[in-house]
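Some notes on the structure that comes next.
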Amino acid sequence: MNNEAREKKDKRLITIVSIIIPVVVAALFGVNLKKLGFDVEPLTFLPPIYASINGLTAVLIIAAVVAIKKGNRRLHEQLNTSAIACSVLFLVLYVAYHMTSDSTKFGGERIIKYIYYFILITHIVLSIIIIPFVLTTYLRAITGKFPEHKKIAKITFPLWLYVAISGVVVYLMISPYYG
């Protein structure tokens, strides 16, 4: 397969994965196993764990940028691979929590309510938008297309960092309202 055909195939795969992930998460988010009659315990212990994983993701991608600026390509790759693994783990735990527990309503009032919803909505929207950026950035690195990787990484990094940090902020803001 020539380079052009390979790139076209990779772009198609990234597009498919970038659509499937949010659709599956949204579909599973709407499934409550208890309401379907399954005898499951609510996984109420998960929110601080997946919030911590978001925090770890932020630390890993910052460390990855530091590593590459110091010329340590191997560490940079390892840190980014770990950050992707953390993001996948976050998603699995987040879905598991919502499949076994009722959603928590935010109880804040006035301006704090608007701040919370602004952060939550931008977090959700950007968490969907970031998927093809992360996949493309990673693919360009592992295929040795470093100039293209560097160019898109300048967009991917701040978006992914915002998603990771805003996930922690959303958790901290809603945590007092968990039942």
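Here are a few things to note about the model shown:
- Summarising the amide proton neighbourhood of ASN32: residues at separation of 5 or more, or on other chains, whose placed amide H is nearer than 5 Å comprise an empty set.
- Calculated [222 nm] ellipticity per residue, helices only, for the chain: -28500 deg cm²/dmol; basis is -39500 (n - 2.57) per DSSP H run with n ≥ 4, divided by all residues, nearest 500.
- For the chain, alpha-carbon Rg over 2.2 N^0.38 Å: 1.15
- Our coupling estimate for the stretch 166-175, obtained by passing each phi through the Karplus curve with A = 6.51, B = -1.76, C = 1.60 and θ = phi - 60°, is 5, x, 5, 4, 4, 4, 4, 6, 8, 3 Hz, Gly and Pro reported as x.
- A Förster radius of 41 Å, combined with the Cβ-Cβ distance separating ILE20 from ASN72, puts the computed FRET efficiency at roughly 0.75.
- Using θ = phi - 60° in the Karplus curve 6.51 cos²θ - 1.76 cosθ + 1.60, the 3J(HN,Hα) couplings for the stretch 56-72 round to 4, 4, 4, 4, 4, 6, 5, 4, 5, 5, 4, 4, 6, 5, 8, x, 9 Hz; x is entered for Gly and Pro.
- Sequence-ordered 3J(HN,Hα) estimates for the stretch 140-156 from the Karplus curve with 6.51, -1.76 and 1.60 and θ = phi - 60° stand at 4, 5, 6, 9, x, 8, 5, x, 5, 4, 4, 4, 6, 4, 5, 8, 4 Hz, glycine and proline given as x.
- Cut-off under 5 Å, modelled amide H: who pairs with LEU43 long-range: THR100, SER101
- At full extension, ILE62 and ARG110 could sit 13.9 nm farther apart than now, given 0.36 nm per residue minus the alpha carbon distance.
- Cα→Cβ-extended label distance, 7 Å offset, between LEU13 and LEU126, nm: 2.9 nm
- Count of Lys pairs (Cα-Cα under 19 Å; at least 8 positions apart or interchain) in the stretch 22-179: 11
- Cα-based radius of gyration for the stretch 19-69, normalised by 2.2 N^0.38 Å, reads 1.70.
- Extending 7 Å from the Cα toward the beta-carbon at both LYS151 and VAL92 defines two label points whose distance is 3.5 nm.
Rule-based calculations on the coordinates, nothing more; no lab input. In this text, all values refer to a predicted model and were calculated from it rather than measured experimentally. All Cβ positions, even for glycine, are placed from backbone atoms using ideal geometry, and neighbour counts span all protein chains on display.
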